[in-house]
Amino acid sequence: MILVGYWSSPFARRVGVTMKLLDIPFEHRPWASSHGAALRAVNPVGRVPALILDDGETLIDSTMILDYVDELAGPERALTSPRGPARRRVNRLVALAVGACEKYVAAYYERSKRPAEKVHQPWLDQLEGQVATALQALDAEAALAAPWLLGERVTQADVTTACAVLSMRYDLAHLVPPGRYPNLDALVDRADALPAFRETVPT
Ligand SMILES: N[C@@H](CCC(=O)N[C@@H](CS)C(=O)NCC(=O)O)C(=O)O
């Protein structure tokens, strides 16, 4: 299988980290949207990640890809429980982390893609405010981590949360200054020490 998407993308990285945690081998193509036509030939939306399966079928969108990866791993090893309250708890935290990611990526584009005089500050403030309240909610959850968000096993909630915060530290560090989310920082640093994270450091 070929995973398309550079590790600076929290969406691509959460797929790569998950596949490594589950020992699912893949070839990596560190592409970004700047790969233009080549990327659109793989994903017509022009976004990363995409996962090209051995028979040529291509999966797009990290959530859909992770659904397949969990299916490959089987219900015992999947990073999202297959059903019931455990599944709902993981999905709620993943939705918080993905939501924070979507808002920070939108803020990042507002800052980096527009000429300075065309940045609409009220919109930027709203996006960054949404990131802040989502991170506060995750920080409160991380205060109960033992040692991971849902207990002794790493779940997709930990992987997605850590990928989100690590990308923010790199792209928009003012959103996650040291000490503002202390429980989240401890969780993210714990995740970042795992080999799956060490092997997917953005270049
Ligand atoms: N919902 C998508 C979001 C993917 C996404 O936004 N990827 C960004 C990189 S972080 C991208 O490729 N952006 C290029 C663009 O939107 O033009 C997913 O979960 O895969």
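The values are calculated or read from the model by the stated rules, or taken from the named source; none is laboratory data. This one's a predicted model, so the numbers in the text were calculated from it and none came from an experiment. Note that each Cβ is placed from the backbone with ideal geometry, even for glycine, and that neighbours are counted across all protein chains shown.
Worth a mention:
- Residue match in the stretch 34-46 (condition: away from the ligand (no atom under 14 Å from the Cβ) and in contact with a helix residue (DSSP H, G or I) (Cβ under 9 Å, 6 or more places away or on another chain)): no
- Residue check for Ala134: in a helix (DSSP H, G or I), buried (at least 17 other Cβ atoms within 10 Å of the Cβ), of a type in the set (Gly, Ala, Ser) and modelled with pLDDT of 95 or more: yes
- Members of the stretch 1-18 that are outside any helix (DSSP H, G or I) and either surrounded by fewer than 21 Cβ atoms within 10 Å (Cβ to Cβ) or not polar (S, T, N, Q) (or both): Met1, Ile2, Leu3, Val4, Gly5, Tyr6, Trp7, Ser8
- Counted residues, the stretch 6-33 - those being more than 13 Å from the chain's Cα centre (by Cα), hydrophobic (A, V, I, L, M, F, W, C) and near the ligand (Cβ under 10 Å from one of its atoms): 2
- Hey, Val69 in the same structural domain as Ser167 (by TED's automatic domain parsing), closer than 28 Å to Val154 by Cβ and within 14 Å of the ligand (Cβ to nearest atom) or not: no
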